[in-house]
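S.K.: Structure incoming, see below.
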Amino acid sequence: MDTSLTGKTAMITGGSLGLGRAMAEAFYHAGARVAILARRQEPLDEAAASIGARPSQTAGGHIQAFACDVTNPDSIAAAHLSIEENLGAVDILVNNAGQSATKAFKDITDEEWQQDLDLKLMAAVRTTRLVWPHMESQKWGRVINLLNVYAKTPDARTAPTSVTRAAGMALTKVLAGEGAPHNILVNAMLIGFIKSDQIRRMHEASGENISLEEFSTNAGKRLPMGRMGEAGECANLALFLASNAASYITGCALNMDGGLCKVV
């Protein structure tokens with residue numbers, strides 16, 4: 001199965017840590033020119049240096065960091081322009097920026113709702129709108145939206161995340177329909193409990209006097225597969241969806257959760 005990305009430029013938001021970093025590494029080793037985006041320059045530079053320190057396993061691999069606040073339209077536009085100037089037009093977009101917080105609905109302010117919409121929905125709208133014309137003109141493109149399983153099975157105290165992620169799933173389906181005639185494939189990955197920076201924050205917030213590894217192990221025991229997923233496992237799915245190996249898959253919301261979600 002050919003998952004080479006040689007000659008392709010990939011743009012990954014939230015690319016400095018966790019799942020974004022794992023996907024960036026997978027794309028780099030598949031030969032892509034990878035642009036990783038996040039707000040803070042230091043972790044971006046560290047990630048790019050660490051990944052780029054090892055030769056790409058496939059010809060063409062290159063990685064570069066671009067500081068960007070995806071809640072700011074001007075910042076997104078500037079980063080996109082810089083990527084085009086340095087790496088070429090974007091062929092593969094991974095909308096990965098986001099974070100989750102739990103809170104009772106009655107306590108969520110308008111400002112918090114708007115912040116969540118800007119970070120998780122409007123950022124994807126704006127980045128996709130910028131890269132779409134190139135994908136359409138060349139009759140090839142990939143958009144992968146990172147959501148979570150609450151988009152399908154929302155639970156109490158998961159707003160506004162469940163609402164914005166469900167909107168992201170609808171956006172995925174709309175774009176898949178519009179992109180299909182142009183060979184632009186648009187899919188979503190619905191994440192469950194994966195070892196990432198998000199889990200580190202959950203560990204810190206729990207106040208439990210145990211190590212992060214023990215916290216992850218204990219939490220994983222409650223899942224159908226008896227363990228949390230690894231960031232690299234998510235990266236494998238993203239690489240498949242970004243490649244020509246997934247040439248007839250579009251409009252799908254794929255659960256990446258070890259059996260957690262009760263909806264297919």
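S.K.: Mind checking which residues of region 199-243 are in contact with a strand residue (DSSP E or B) (Cβ under 9 Å, 6 or more places away or on another chain), in a helix (DSSP H, G or I) and more than 23 Å from Gly31 (Cβ to Cβ)? It would help to see each step written out before you state the result.
M.R.: Initially, region 199-243 is screened for residues in contact with a strand residue (DSSP E or B) (Cβ under 9 Å, 6 or more places away or on another chain), giving 220, 223, 228-231, 233-234, 237-238, 241-243.
Still in the list and also in a helix (DSSP H, G or I): 220, 231, 233-234, 237-238, 241-242.
Scanning region 199-243 gives a single hit, Gly220.
S.K.: Which one is nearest to Ala77 (Cα to Cα), of the residues in region 111-170 that are out of contact with any helix residue (DSSP H, G or I) (no Cβ under 9 Å at 6 or more places or on another chain) and either acidic (Asp, Glu) or outside any helix (DSSP H, G or I) (or both)?
M.R.: The extreme case among them is Asp118.
S.K.: Right, something else. Which of the residues belonging to region 1-45 are within 15 Å of the chain's Cα centre (by Cα) and part of a strand (DSSP E or B)?
M.R.: Answer for region 1-45, where residues must be within 15 Å of the chain's Cα centre (by Cα) and part of a strand (DSSP E or B): Ala10, Met11, Ile12, Thr13, Val34, Ala35, Ile36, Leu37, Ala38.
S.K.: Sticking with this structure for a sec: Under 16 Å from the mean Cα position of the chain (by Cα) and either closer than 23 Å to Lys120 by Cα or without any contact (Cβ under 8 Å) to a residue 12 or more places away in the chain (or both), is that true of Ala49?
M.R.: On the way: under 16 Å from the mean Cα position of the chain (by Cα): no; either closer than 23 Å to Lys120 by Cα or without any contact (Cβ under 8 Å) to a residue 12 or more places away in the chain (or both): yes.
No.
S.K.: Right, next: Only one of these is under 30 Å from Gly31 (Cβ atoms), of a type outside the set (Lys, Arg) and surrounded by fewer than 21 Cβ atoms within 10 Å (Cβ to Cβ): Glu111, Glu84. Name it.
M.R.: Details: Glu111 fails: under 30 Å from Gly31 (Cβ atoms).
None of the other options fit; the residue is Glu84.
S.K.: While we're on this one: Collect the residues in region 161-204 that are charged (D, E, K, R) and surrounded by 21 or more Cβ atoms within 10 Å (Cβ to Cβ), keeping them in residue-number order.
M.R.: Narrowing region 161-204 to residues charged (D, E, K, R): 165, 173, 178, 195, 197, 200-201, 204.
Within region 161-204, Arg165, Lys195 meet the criteria.
S.K.: If Met1 satisfies all but one of (1) closer than 18 Å to Ala78 by Cβ; (2) touching a helix residue (DSSP H, G or I) at 6+ places or on another chain (Cβ under 6 Å); (3) surrounded by fewer than 19 Cβ atoms within 10 Å (Cβ to Cβ), what's the number of the condition it fails?
M.R.: Going through (1) closer than 18 Å to Ala78 by Cβ; (2) touching a helix residue (DSSP H, G or I) at 6+ places or on another chain (Cβ under 6 Å); (3) surrounded by fewer than 19 Cβ atoms within 10 Å (Cβ to Cβ) one by one, Met1 breaks only (1).
S.K.: Taking the stated definitions as given, is Asp110 within 20 Å of the chain's Cα centre (by Cα), of a type in the set (Asp, Glu) and within 29 Å of Pro154 (Cα to Cα)? Lay out the reasoning, then the answer.
M.R.: On the way: within 20 Å of the chain's Cα centre (by Cα): no; of a type in the set (Asp, Glu): yes; within 29 Å of Pro154 (Cα to Cα): yes.
When the stated conditions are applied, Asp110 does not pass them.
S.K.: Being of a type in the set (D, E, K, R) and in contact with a Gly (Cβ under 7 Å, 6 or more places away or on another chain): is that true of Arg40 here? Quick ask: steps written out before the conclusion?
M.R.: Details: of a type in the set (D, E, K, R): yes; in contact with a Gly (Cβ under 7 Å, 6 or more places away or on another chain): no.
Judged against the criteria, Arg40 is not a match.
S.K.: Shifting gears a bit: Is one or more of the residues making up region 69-88 of a type outside the set (A, V, I, L, M, F, W, C), part of a loop (DSSP other than H, G, I, E, B), assigned by TED's automatic domain parsing to the domain that holds Leu175 and without any contact (Cβ under 8 Å) to a residue 40 or more places away in the chain? Don't jump to the end; show me each part of the working.
M.R.: Here is the first cut: in region 69-88, the residues of a type outside the set (A, V, I, L, M, F, W, C) are 69, 71-75, 80, 82, 84-86, 88.
In the following step, the residues that additionally are part of a loop (DSSP other than H, G, I, E, B) were identified as 69, 71-72, 88.
This time we only want the ones that are assigned by TED's automatic domain parsing to the domain that holds Leu175, so: 69, 71-72, 88.
Those left that are additionally without any contact (Cβ under 8 Å) to a residue 40 or more places away in the chain: 69, 72.
Yes.
The values are calculated or read from the model by the stated rules, or taken from the named source; none is laboratory data. No experiment lies behind these values; they were computed from the predicted model shown. Cβ: placed from backbone, ideal geometry, glycine included. Neighbour counts: every protein chain shown.
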